[in-house]
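Notes follow once the structure below has been shown.
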Amino acid sequence: MGDIPEDTIPRTRVVTDADEARDDAVTVLVTGFGPFLEKFPQNASWEIASRLPSHLSVSTPNSKNPKTINILVHPAPITVAYHTAASLIPNLLATHNPDLVLHLGLAANRSHYAIELSSARHGFARTPDVEGRRFVREDLEKEGWDKCPERLETSLDFEHVWEEWEGQARRIPGLLREQDGEGGVEIRASDDVGSFLCGFVYFASLAWFWKRGWEEAVEDRPVIFLHVPDCPGEKEIEQGVLVTEALIRALVESWLAGRRKMM
């Protein structure tokens, strides 16, 4: 293989003073899914996303005032359909141009919450969606995904996000399960988003940022996927909201820390 010219290698986006002055608030775009399993007529990812507040705040070093977080929840659950999602995600990102993106999805076979590191561009032809359709090679090429790497990771500091998330969650009394297994919920870091719509939407967002980053010669994919367990009652949904709020604060803290390092 020949060497790639240095001026074509994507770099991390550099923060300027103008960027800092542009807006004190950080915008986080959040999505959830609609139902797709008869056993789970309501999708916990949407039940949680739709109950999030429109604003949060987080303390930052060397600042007297907390940073405002604007939470922009897409007003409808994403239909569990490949082609619908393939059209929706790029439009959402281009329209809102968020600082950070958080996708929520149901992992019905899990009893814990998990942030996911990456997603692969293949495997979406295996399982039909709610419309009975699959995402085949021709669809992948139409979206330009054949030019993307086989697997894309978030550009956020995943380990730091995990540490901040755990720290934020522990500040909420009784939210996390104790070591003896009593009470609360369990949160984990994972790299198993799967090859159904959860993995599909995650890759769609990562690919959108990857393509934009290649054009601008930057490496910026500020996206995270959160798998949530089934939440059969209001208590479980309320716990899910608190877990997600803690993650949003962690994402913003980690993202801001990364920007400060580049200044």
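For Arg188, the test of being of a type in the set (Lys, Arg), at pLDDT 95 or above, within 12 Å of Ser118 (Cα to Cα) and surrounded by fewer than 22 Cβ atoms within 10 Å (Cβ to Cβ) is failed.
Taking each residue of segment 27-41 that is of a type in the set (Ser, Thr, Tyr) and looking for partners that are in a strand (DSSP E or B) and surrounded by fewer than 17 Cβ atoms within 10 Å (Cβ to Cβ) with beta-carbon atoms closer than 9 Å, six or more apart or interchain, yields Thr27/Asn70; Thr27/Leu72.
Residues in segment 219-229 include at least one that is farther than 21 Å from Leu37 by Cβ, in contact with a helix residue (DSSP H, G or I) (Cβ under 9 Å, 6 or more places away or on another chain) and modelled with pLDDT under 95.
Do we find that Leu156 is in a helix (DSSP H, G or I) and either within 15 Å of the chain's Cα centre (by Cα) or more than 21 Å from Leu29 (Cβ to Cβ) (or both) in this structure? Here the answer is no, as Leu156 does not meet what is asked. Of all residues in segment 1-30, those that are modelled with pLDDT under 50 and either in a loop (DSSP other than H, G, I, E, B) or closer than 30 Å to Glu131 by Cα (or both) total 12. Within the span defined as segment 31-46, one or more residues are at pLDDT 95 or above, assigned to a strand (DSSP E or B), buried (at least 18 other Cβ atoms within 10 Å of the Cβ) and not basic (Lys, Arg). If the condition is being among the charged types (D, E, K, R) and either under 13 Å from the mean Cα position of the chain (by Cα) or not in a helix (DSSP H, G or I) (or both), then segment 190-242 contributes Asp191, Asp192, Glu219, Asp220, Arg221, Asp230. Evaluating Ala250 against the criteria (1) at pLDDT below 95; (2) in contact with a helix residue (DSSP H, G or I) (Cβ under 8 Å, 6 or more places away or on another chain); (3) of a type in the set (Gly, Ala, Ser) leaves one unmet condition, (1). Quick check, is Glu131 touching a residue at least 24 places away in the same chain (Cβ under 8 Å), crowded, with 22+ Cβ neighbours inside 10 Å and of a type in the set (D, E, K, R)? Judged against the criteria, Glu131 is not a match.
Within this structure, Leu176 passes the test of being without any contact (Cβ under 8 Å) to a residue 12 or more places away in the chain and in contact with a helix residue (DSSP H, G or I) (Cβ under 8 Å, 6 or more places away or on another chain).
The values are calculated or read from the model by the stated rules, or taken from the named source; none is laboratory data. Only a predicted model underlies this, so the values are computations on that prediction, with no experimental measurement involved. Cβ atoms come from the backbone with ideal geometry, glycine included; neighbour counts cover every protein chain shown.
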